[in-house]
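**Student:** Got a structure here, written out as structure tokens. Questions coming.
The values are calculated or read from the model by the stated rules, or taken from the named source; none is laboratory data. Keep in mind that this is a model prediction, so the values were computed, not measured. Please note: Cβ atoms are built from the backbone with ideal geometry, for glycine as well, and neighbour counts cover all protein chains shown. Only protein heavy atoms, including side chains, enter the accessible area calculation; ligands, DNA and RNA are left aside. Shrake-Rupley method; radii C 1.70, N 1.55, O 1.52, S 1.80 Å.
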Amino acid sequence: MAGIGVFICWCGENIARTVDVKKVAEEIGKLPGVTVAMEYKYMCSDPGQTLIRNHIRDDKLEGVVVASCSPHMHLRTFRAAAAREGLNPYKVEMANIREHCSWVHQDKERATAKAIELIAMSVAKVSKDKPLDAIKIPVTRRAMVIGGGVAGIQAALDMADGGIEVILVEREPSIGGKMAGLSETFPTLDCSQCILTPRMVDAGQHPKIKLYTWSEVEEVNGFVGNFEVKIRKKARYVDTTKCTGCGNCWNSCPQKKIPSEFDYATGNRTAIYIPFPQAVPARPVIDAEHCLKLTKGRCGICEKKCAAGAIHYDDQDEFVTEKVGAIVVSTGYQLYNFRAPETEKTKGYGEYGYGRFKDVIDSLQFERIVSASGPTSGEIRRPSDGKEPKTVVFISCVGSRDNNKGMAYCSKICCMYNAKHTMLYKHKVHDGEAHVFYMDIRSGGKNYDEFVRRAIEQDGALYHRGRVSKITEEGGKLIVRGVDTLAGKPVTVEADLVVLAAAMVPSKGAEQLAQKLSVGYDQYGFLSESHPKLRPVETNSAGVFVAGACQAPKDIPESVAQASAAAGKVLGMLSKEELTREPEIAHIDEKNCAACFACYRTCPYNAIEKAEVRDRRGNFIKMTARVNPGLCMGCGTCVAVCPSKSADIEGFTDEQIYAQIETLL
């Protein structure tokens, strides 16, 4: 193919500092088929794109190679520029001479030689490129949000206000998530419930939001724009359409000593309950494990007390299927489980005595103790004897930044809520003493550092830079032994209460949900975004987006911002009657396909289907594998496993790859 244009970018000095771009242009101009070879400081800029467009038009180019940075950055940019001049955008290639060359080499002469080879390979590939057409997919203009915490609520409200119907699925009896249980929020110390409750009510009453609480996603089928999601509505044993939320049932229930999940076992609930007074929906659910009627066939007091006749002990799990075009995952987080059996991920902190000493608690338990809606009505009391603690120790990074016992990553918000906890404690116990053991203070956010300084300078929290080695119990006191590396001496504190700032980890079942959605996740179970900078709320599974702490540890403002970003992406995607997808996906040569279905078994996106080949009269000829263009992500797994070489990737065919290799050799 004649008429290839090669455009080499300086990328400011990023490339030109290490690569002799003028020499590269001169050498590339000598290659067969290259009619234009030139360099420019910023090819992605408007003048740079205009330069490319002018040469496509004036020189009637049939292929373009841009040698610059990663295709993840600007391939779409250059393809769009080519398309405006009538060149098929899939006849544009990029040679990455920044990340693959200039950034990883110091020797300018050798880096220049490598850049020439990389560009020559791209020229060989573009010479074999064929025009491709974008894939058109019909779209269902509805969305689903999985997880009803603050991120899920924000995403659902933004999309519903944007005019599309939203299905909000929450596995707990009420939406609200972890934020609903917080006392106050940093850095303003405003009431968590005052911020969240109106949003919960809005979500519960919005005409375009369909709420499924006490429900879980069972199965996900389909593809972007056309998902079918099977939802398990767990037996509630209460007809929410009849229930008035009067409270007679839970007030009369004799089973009153069941540890409350909402209070993290610092308080109790009944067998029929709502998690907290502001719950949405404000309708109870019966705990089948503790209900005397369901376990032993006796009691039934709640049914007798219910004037509305809403109690149904014979309820069963129910399955419903919802069709949606996009899915936002906002399943949140849980705290590091100190009581979990020792595994590679969770080796525990037995030396801190969590589970053995009643007065060693985690940070969310402290939130409930200090909360006005908590089990002690906001009065700070020791779990062991109900007395007011005069000395409290807060320990940072318990499970975070610890390769041996916990997670290697920083949980991001622990320094901030430790500072908040010292303030809340001192505001209620004026003569109390608050100690904080920390590794480093990480307070990256607007007014965050000032907030930590306030805890130390105004409220008098005593900060010790160092780890705690051991906690023992002696004479009703917790003996906390640590070290202050700044003072260079050991520190021993006789504490009445110890609060562990535990690591944030993905919520239970996050990995299983990711597998149902064909979404990637890291070694810790956090869902993986498509690109950390350019596509931070998208995943590699088209039509599935992430928001909040399911993707990484986050605070409330960041979770809300990401939720709105995900909602904006969904609204943009569902604003059209049909979707346009990249055509660089797998295809099967059905004539050669041996129907072994190795591709069917190994495809990570379930994009391969078993299909029948029939003649014009409808007579069966044979079975074959077939690609669903809506599901395929072009990963190439099918190409690797196909024994008959019937699978190939559009835009990355064997012919194109071999042309690159031959050029290099």
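**Student:** So what's the gap between the Cα centers of the range 391-406 and the range 226-245, to the nearest angstrom?
**Tutor:** Rounded to whole Å, the Cα centres lie 39 Å apart.
**Student:** For a quick check of understanding: with a 1.4 angstrom probe and all protein chains in place, what accessible area in square angstrom does K508 have, to the nearest ten?
**Tutor:** Only protein atoms counted, so the area is about 150 Å².
**Student:** Another one. Solvent-accessible area of S646, probe 1.4 Å, all protein chains present, reported in Å² to the nearest ten, please.
**Tutor:** Near enough 10 Å² of accessible area.
**Student:** Moving on to the next point. For the chain, take every pair of Cα atoms, bin their distances at 20 Å starting from 0, and report each bin as a whole percent.
**Tutor:** Percent of pairs per bin, in order: 16, 39, 32, 13, 1.
**Student:** Could you work out the relative contact order of the chain, using alpha carbon pairs under 8 angstrom and six or more residues apart, expressed as a whole percent?
**Tutor:** Averaging sequence separation for qualifying contacts and normalising by length gives 13 percent for the chain.
**Student:** Using +1 on the beta carbon of Lys and Arg, -1 on that of Asp and Glu, and nothing else charged, what's the dipole of the range 119-229 about the Cα centre, debye to 20? Numbers along the way, then the final one.
**Tutor:** Numbers: 11 positive and 14 negative charges, 117 e Å.
In total the dipole reaches around 560 debye.
**Student:** Now, a different point. Probe radius 1.4 Å, ligands and nucleic acids left out: which of I52, I621, I116 has the largest accessible area, and how do the rest follow? Kindly include the intermediate steps, with their values, before the conclusion.
**Tutor:** Working: I52 5, I621 95, I116 40 Å².
Sorted descending by solvent-accessible area, the residues read I621, I116, I52.
**Student:** Express as a percent, rounded to the nearest 5, the fraction of DSSP beta bridges in the range 378-508 (both residues included) that run antiparallel.
**Tutor:** 50
**Student:** For the range 169-299, rounded, prolate or oblate, judged on the Cα gyration tensor with a ≥ b ≥ c (square roots of eigenvalues), a/c < 1.5 rounded, else prolate if a/b > b/c?
**Tutor:** The shape class here is oblate.
**Student:** Also, quick follow-up: Between the range 75-128 and the range 266-284, what's the alpha-carbon centroid distance in Å?
**Tutor:** Taking the Cα centre of each part, the range 75-128 and the range 266-284 sit 60 Å apart.
**Student:** List the relative contact order of the range 55-154 as a percent without decimals, with contacts defined as Cα pairs under 8 Å and 6+ residues apart.
**Tutor:** Here the relative contact order equals 28 percent.
**Student:** Cα gyration tensor of the range 576-665, axes a ≥ b ≥ c as square roots of the eigenvalues: rounded (a/c below 1.5), prolate (a/b > b/c) or oblate?
**Tutor:** In terms of gyration-tensor shape, oblate.
**Student:** Need one word for the range 4-126: rounded, prolate or oblate. Basis is the Cα gyration tensor (sqrt eigenvalues a ≥ b ≥ c); a/c below 1.5 gives rounded, then a/b vs b/c decides.
**Tutor:** Note, shape of the range 4-126 comes out prolate.
**Student:** Separate question: So for each of 146-158, 286-298 I average, over its residues, the number of other beta carbons within 10 Å; can you give me the resulting order with the highest mean first?
**Tutor:** Numbers: 146-158: 28.5, 286-298: 15.4.
So the order, starting with the most tightly packed, is 146-158, 286-298.
**Student:** Let me ask another. Which order do R481, R79 take by accessible area at a 1.4 Å probe, largest first?
**Tutor:** R481, R79
**Student:** Indicate, rounded to the nearest 5 percent, the antiparallel portion of the DSSP beta bridges found entirely in the chain. Write down the numbers at each step before the final one.
**Tutor:** Details: 55 of 105 bridges.
Antiparallel: roughly 50 percent of the beta bridges in the chain.
**Student:** Oh, and also: Show that you can apply the helix-only estimate: for the chain, add -39,500 (n - 2.57) for every DSSP H stretch of four or more residues, divide by all residues, and state [θ] at 222 nm to the nearest 500.
**Tutor:** Helix contribution divided over all residues of the chain: -8000 deg cm²/dmol.
**Student:** If the range 414-507 were replaced by its equivalent ellipsoid, with semi-axes equal to the square roots of 5 times the Cα gyration tensor eigenvalues, what would those be, largest first, whole Å?
**Tutor:** Semi-axes from the Cα gyration tensor: 22, 16, 15 Å.
**Student:** A further question on this structure: How many angstrom lie between the Cα centre of the range 553-596 and the Cα centre of the range 446-504?
**Tutor:** 46
**Student:** Right, something else. What is the packing order of peptides 390-397, 515-522, 6-13, 311-318, taking the mean over residues of other C-beta atoms within 10 Å and listing the highest first?
**Tutor:** The peptides rank, most packed first, as 390-397, 6-13, 515-522, 311-318.
**Student:** Return a whole-number percent for the relative contact order of the range 1-122, with Cα pairs under 8 Å and 6 or more residues apart as the contact set.
**Tutor:** 33
**Student:** Just to confirm, what accessible area per residue do you get for the chain at 1.4 Å probe, in whole Å²?
**Tutor:** Details: 30480 Å² over 665 residues.
Solvent-accessible surface per residue comes out at 46 Å².
**Student:** Hey, another quick one. Quick one: if the Förster radius is 41 Å, what FRET efficiency do E473 and R298 give, using the C-beta to C-beta distance and rounding to 0.05?
**Tutor:** So the FRET efficiency works out to roughly 0.50.
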